[in-house]
Amino acid sequence: MAKLAAIVALAAVCSFGQGMTSGIMSPPTNVRPPGLKNVGIQQNLNQPLPLDLTFTDDLGRTVRLGDYFGKKPVILSLVYFNCPMLCGEVLSGLEHSLRMMSLDVGKDFDVITVSFDPKDTPEMAAKKKAEFLKLYKRPGGEQGWHFLVGQQAAIDALTKAVGFQYEYDPASQQFAHATAIMIVTPGGKVAQYYYGVEYPPKDLRLGLVEAGNGKIGNVVDQLLLYCYHYDPAKGKYSATILRVLRLAGVATMLSLGTLIFIMIRRGPESDATGAGRVR
């Protein structure tokens, strides 16, 4: 119970454009700076992904998006491999959170990183994968973290499904884009969004456990999910005070009941022992 009372939900931020930050939700179109008109995140919670889309993996194989779904929850990240700044920060923040969790990539859940630049190649995907697996340093990671590239039509269909909006700037030859990762259920439906470039491992773990419908995690995770609720507007878990108080009350009653039971059981024996000493 002390652990339950001590856990605090961490704030998340949402970045827009190259090096720019903004609020959690996308700002109104009429106040966005030039070049960011079509940049942002539109939450499409419970939206099914088009699992029949085809991409190319880091080994040059043609794969269906649906190949990675069916049994485990998935973390989806959208980046491009020549990104000079934000995409590297997204992947670094994600890798750090994955390393801090006891859940294992490839065993408990999968990660899919898809490039939204159709010019990116399988060789670039393989290089990026090797870079972050070297940091992750956990067996099975290479089987569970997939780096994909694709054609523009497939990219458009996927980004539209998850509400990921970006814009290409011909002058700089770079993309202006939002920064976020998504948790997707084993059935391929978008469950949660986490904004910015840092993702609290405790929130991410709870999100995966919840999306996994109890098939991963442990009893403590289920208790935490009872006490904490995911807030889509904030992109984090917050304590549900009423449930915390109820659980605390139950724990208190159980503790008192156990103490009374022990005292009743030990009372006569202690009296008899004491009486024997007096005689």
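Considering only residues that are of a type in the set (A, V, I, L, M) and open to solvent by 40 Å² or more (accessible area, probe 1.4 Å), look in region 102-132 and name the one that is nearest to residue 158 (Cα to Cα). This residue is 124. Does region 226-247 include one or more residues that are open to solvent by 90 Å² or more (accessible area, probe 1.4 Å) and at pLDDT 90 or above? Scanning region 226-247, I find no residue that is open to solvent by 90 Å² or more (accessible area, probe 1.4 Å) and at pLDDT 90 or above, so the answer is no. Restricting attention to region 52-94, the residues that are in contact with a helix residue (DSSP H, G or I) (Cβ under 9 Å, 6 or more places away or on another chain), open to solvent by 40 Å² or more (accessible area, probe 1.4 Å) and within 21 Å of residue 207 (Cα to Cα) total 2.
Listed by first and then second residue, the pairs linking a residue in region 77-93 that is in contact (Cβ under 8 Å) with a residue 24 or more places away in the chain to a residue that is surrounded by fewer than 16 Cβ atoms within 10 Å (Cβ to Cβ) and of a type in the set (Gly, Ala, Ser), with Cβ atoms under 9 Å apart and 6 or more places separating them unless they lie on different chains, are 85/19; 86/19.
Among the residues of region 161-189, those identified as more than 18 Å from residue 117 (Cβ to Cβ) and part of a loop (DSSP other than H, G, I, E, B) are 163, 185, 186, 187, 188.
When residue 173 is tested against the conditions (1) open to solvent by 10 Å² or more (accessible area, probe 1.4 Å); (2) modelled with pLDDT of 95 or more, the lone failure is (2). Applying the set (1) free of Cβ contacts under 8 Å to residues at least 12 places away in the same chain; (2) under 15 Å from residue 87 (Cα atoms) to residue 171 leaves exactly one unmet item: (2).
The lone criterion from (1) assigned to a strand (DSSP E or B); (2) surrounded by fewer than 15 Cβ atoms within 10 Å (Cβ to Cβ) left unmet by residue 139 is number (1).
Could you check, for region 142-160, whether at least one of its residues is assigned to a helix (DSSP H, G or I), within 14 Å of the chain's Cα centre (by Cα) and touching a residue at least 24 places away in the same chain (Cβ under 8 Å)? No, the conditions are met nowhere in region 142-160.
Kindly indicate whether any position in region 212-225 is open to solvent by 10 Å² or more (accessible area, probe 1.4 Å), modelled with pLDDT under 95 and assigned to a strand (DSSP E or B). Scanning region 212-225, I find no residue that is open to solvent by 10 Å² or more (accessible area, probe 1.4 Å), modelled with pLDDT under 95 and assigned to a strand (DSSP E or B), so the answer is no.
Quick test for you: out of 152, 165, pick the one residue that is under 21 Å from residue 88 (Cα atoms), open to solvent by 20 Å² or more (accessible area, probe 1.4 Å) and not aliphatic (A, V, I, L, M). Spell out how you get there, then give the answer.
Numbers: 152 fails: under 21 Å from residue 88 (Cα atoms).
Sole residue among the options that is under 21 Å from residue 88 (Cα atoms), open to solvent by 20 Å² or more (accessible area, probe 1.4 Å) and not aliphatic (A, V, I, L, M): 165.
Within region 88-135, the set of residues being over 25 Å from residue 167 (Cβ atoms) and among the acidic types (Asp, Glu) comprises 95, 104, 108, 110, 123, 131. At pLDDT 95 or above and assigned to a loop (DSSP other than H, G, I, E, B), is that true of residue 81? Considered against the rule, which asks whether it is at pLDDT 95 or above and assigned to a loop (DSSP other than H, G, I, E, B), residue 81 comes out as yes.
The values are calculated or read from the model by the stated rules, or taken from the named source; none is laboratory data. Predicted model only: the values in this text are computed from it and were never measured. Neighbour counts run over all protein chains shown; Cβ positions are idealised from the backbone, glycine included. Heavy atoms of the whole protein, side chains included, go into the accessibility calculation; ligands, DNA and RNA do not. Shrake-Rupley method; radii C 1.70, N 1.55, O 1.52, S 1.80 Å.
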